[in-house]
Amino acid sequence: MARKSTRKKKANPRQVAFTRFMFIVAVFAVWMLGISARLVHLQVTQHDWLREKAVDQRQDVKKSKLLRGTIYDRDNRPLAMSIRVKSLYADPTEIKDIDATAKILAKSLKLDAVQLSKQLNEGKAGKKRFVPILKKLDEETVQKINKTLVADNIQKADMPRFEGLHYSEDQTRSYPYGTMAAQVIGFSNQDDTGMAGIEQSQDDILHGAVIKKLQERDRLGRIYDETVFERERPGDISLTIAASYQFKADQALENGVKAANAKSGMAVVLSVKTGEILAMSNYPSFDPNSIKDAVPASITNHSIQSVYSPGSVMKLVTYGSGLEKNLFKPDDQIDAGNGTIEVANHKFTDSHHVGTVSYSQALAHSSNVCAIKTGLRVGKDDFFSMLQNMGFGARTGVELPAETAGIVRSPDKWNGDSLASMSIGYEIGVTALQMASAFATIANDGVRIQPRLIKEIRKPEQAPVAGNKSEGVRVVSVETARNLRTMLRQVVLTGTGRRAQLNGYTSAGKTGTAWKFDPVAKRVDPSKYISSFIGMAPADNPEIVIAVVIDEPRNGARDGGQVAAPVFKNIAEQLLPEMNVKPDGSEIREEPVAQDIPELAPSKNVEKGTAADKQGGKTAALTAPKAAEPKKPADVKKGSDKKQGNGKKISGNTTAAAGLPRRDRAELVES
């Protein structure tokens, strides 16, 4: 039997080659299919994420601020301006060893290493790319830092040559004139936000809008292309004040406050025909360039934010109301009797006996009795109406924050003696600007013009826009205004305001001296005064009104004629020639005051009033509302930011006389 063959069938080489080829083709096909699927996945489902990541590696959207707008005076002198500076910051994501870097920076820049390390570690954990190190550095400081912070083997396109450190463009505010008009101009904080004055009220115009830039960078971070795609520009503000006028007013007020050894003072200079504020001074002042060193009380613009009892300057309203009602002529006679008058069982007393005099002389000698008699003839409704028409009890509308409206109660809340008290400037709270505006109304032949501080607003690529010019409102007739100016002229010629006589110019005005109200004792303090003089020049055709208020004068005679009138004289004699006002008076060769007419009776009268209170007697109401010190602003001593105000009254104790207990009222002997 034949054996079966055990030899294997020989493989076909061609078949083997073909099989291997097809296997390789299959592998390539699967590989290409996988790659294609991956590409489709990346291009379709992850396109946005990948694009964002790629752009992030080579592009930065850089945000910076345009310089804050400039504040100019009426003659285009810069009062507040911004200067370009730099701020040093760290990008923690670029720093390998945070703790080591923090120690080096702390030693070189004199910082707290522990605090800096904490900030950088928190930034790195949160993937933050901006951690501020030092803000608002000038060029000299930047160069010193660049020389100090130099690390080896660091490749960077920007300075300093140190791992993770960069500069950002910034700005800082500069006030070239320092303390001058500081309360008017205000200041801005570290974030370039206005916190007081014009800086705050006009922040929307002055604040530099954010600019967004698209920057293209290479792998070393060098910028090779930059595109701006969002841009808004800030505007500038031109004020009505003049640096020259303001400087002279500041100096005169400072000298007057120091001469009287007073607590503080304020002065306002108004253009009669336009309502423009030519100067607004407060002393003591502060330097907005070093706001952290400022005293909070000095930051307050007391000319518009603090109220006080005006005293005898309010007789402008009393006699103006009588003239408007044709109750008398300036030369008509009025009898002051024995120098006392009783209203609602409350006794009012003149500081000196005047007897029977003309109405002009009654005002010139500041007779309380004559003023009260006139006020009672006017009647409370007409008197109240005149107060409102003159602008008392309402904000003037000046372009500044935190202005107070003052204190004027409605007649239905008056006491039996309120009309008498208000006729001589009590039971009412006013601001220096309100009083200046009232006198400017009389100076402008009876037409009241809203005070304004902004001359024009300048926006880029736009024509300048003039500030708000309100139309005048007639308050009294031309005849009344001129007769009242004649009476005010006598105050300066023969009355309590003789120290306000000017060399080469005529002047008119009224003195005022009021006891201050003590909120703790809830009664007036006869040792503390608010002394004022408000006047106009030239007398027949006034160009300016100047209000001067001195708080708590302590040296010598402390009435308005002694301490405030000389400040008026000092300011007026400097400003009128500079304004090219033609002289209309004669030169004064010697001191015009030979014998002063007192405005205040001796303080023993107050003691008598107090004794009467103890015995159950009733005496006249008298107050001098005192504004509280403002809250400490953001950059003053502490670090938190807080604006000065939003137009609300910020004055503190503004209690009116009617709110005082009757037993706490003193006999009224002041003028």
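Computed packing ranks the peptides 535-541, 325-331, 26-32 as 535-541, 325-331, 26-32, most packed first, by mean other Cβ atoms within 10 Å. Taking all protein chains into account, the per residue accessible area for segment 108-158 stands at 71 Å² (1.4 Å probe). Distance distribution note for segment 235-307: the fraction of Cα pairs above 18 angstrom is 47%. Working note: Karplus 6.51/-1.76/1.60 with θ = phi - 60° gives segment 134-140 the couplings 9, 10, 6, 9, 6, 5, 5 Hz, where Gly and Pro are set to x. With the highest mean first, a sort of the peptides 16-23, 102-109, 238-245 on other beta-carbon atoms found within 10 angstrom per residue produces 238-245, 102-109, 16-23. Solvent-free Debye calculation, one equal scatterer per alpha-carbon of segment 227-376: log10 I(q)/I(0) at 0.11 Å⁻¹ equals -0.69. All other residues whose Cβ lies under 12 angstrom from that of Val475 are scored, Lys and Arg at +1 and Asp and Glu at -1, for a net of 0.
If you roll a 1.4 angstrom probe over the protein chains with everything in place, what fraction of the accessible area of segment 325-379 belongs to carbon and sulfur, to the nearest %? Could the numbers behind the result be given before it?
Working: 1010 of 2220 Å².
Heavy-atom surface of segment 325-379 belonging to carbon and sulfur, 1.4 Å probe: 46 percent.
Over segment 465-588, the alpha carbon radius of gyration divided by the compact-protein estimate 2.2 N^0.38 Å works out to 1.22.
Compute, for segment 117-216, the length of the dipole vector about the Cα centre, with Cβ point charges of +1 (Lys, Arg) and -1 (Asp, Glu) only. Units Debye, rounded to 20. It would help to have the intermediate numbers written out before the result.
Details: 14 positive and 15 negative charges, 106 e Å.
Charge dipole of segment 117-216: 500 debye, to the nearest 20.
Legend: Rg and Dmax of segment 338-496, from Cα coordinates, 18.8, 70 Å. For segment 83-137 versus segment 503-579, the spacing of their alpha-carbon centroids is 56 Å. Available extension along the chain between His352 and Gln388 is 9.8 nm, counting 0.36 nm per residue and deducting the alpha carbon span.
The length gained on full extension between Arg482 and Val25, counted as 0.36 nm times the residue separation minus their Cα-Cα distance, comes to 153.1 nm. Close amide H pairs (under 5 Å, H built 1.01 Å from N) link Lys455 with Ser238, Leu239, Thr240, residues at least 5 positions away or on another chain.
What order do you get for 94-101, 297-304 when each peptide is scored by the mean count of other beta carbon atoms within 10 Å, highest first? Provide the component values of the computation, followed by the final result.
Numbers: 94-101: 15.4, 297-304: 24.6.
Packing order, densest peptide first, comes out as 297-304, 94-101.
Between Asn326 and Lys292, the contour length at 0.36 nm per residue exceeds the alpha carbon distance by 6.6 nm.
How high is the FRET efficiency between Asp75 and Glu216 when r is their beta carbon distance and R₀ equals 41 Å, given to the nearest 0.05? Can you show the working numbers first?
Numbers: r = 46 Å, r/R0 = 1.12.
So the FRET efficiency works out to roughly 0.35.
Kirkwood radius, segment 328-421, all distinct C-alpha pairs, inverse of mean reciprocal distance: 15.0 Å. Restricting the calculation to Cα atoms, segment 77-198 shows an Rg/Rh of 1.07 when the hydrodynamic-style radius is the Kirkwood one.
Averaging over every viewing direction, what projected area does the convex hull of the Cα atoms of segment 400-486 cover, in nm²? Intermediate values should be presented prior to the final figure.
On the way: hull surface 33.2 nm².
Orientation-averaged projected area of the Cα hull: 8.3 nm².
Sequentially through segment 92-101, phi angles give Karplus couplings (6.51, -1.76, 1.60; θ = phi - 60°) of x, 5, 9, 9, 7, 10, 5, 5, 5, 5 Hz, Gly and Pro residues having no value and appearing as x.
A 1.4 Å probe run over the protein chains yields, for segment 281-397, 34 Å² of accessible area per residue, whole-number rounding. Can you give me the Cα centroid spacing of segment 339-367 and segment 463-483 in angstrom? Comparing the Cα centres of segment 339-367 and segment 463-483, I get a distance of 34 Å. Taking a sphere under 13 Å around the Cβ of Leu376 and counting the other residues whose Cβ falls inside, with K and R at +1 and D and E at -1, yields a net charge of 0.
Give me the net charge of Gly504's neighbourhood, meaning all other residues with Cβ under 11 Å from the Cβ of Gly504; Lys, Arg count +1, Asp, Glu -1.
On the way: positive: Lys582; negative: Glu573, Asp584, Glu587.
Spelling it out: positives minus negatives among the neighbours equals -2.
The values are calculated or read from the model by the stated rules, or taken from the named source; none is laboratory data. As the structure is a prediction and not an experimental result, all values here were calculated from the model. When we count neighbours, we look across all protein chains shown, and the Cβ atoms used for this are built from the backbone with ideal geometry, even at glycine. Protein only, heavy atoms only, side chains kept; ligands, DNA and RNA dropped before computing areas. Shrake-Rupley method; radii C 1.70, N 1.55, O 1.52, S 1.80 Å.
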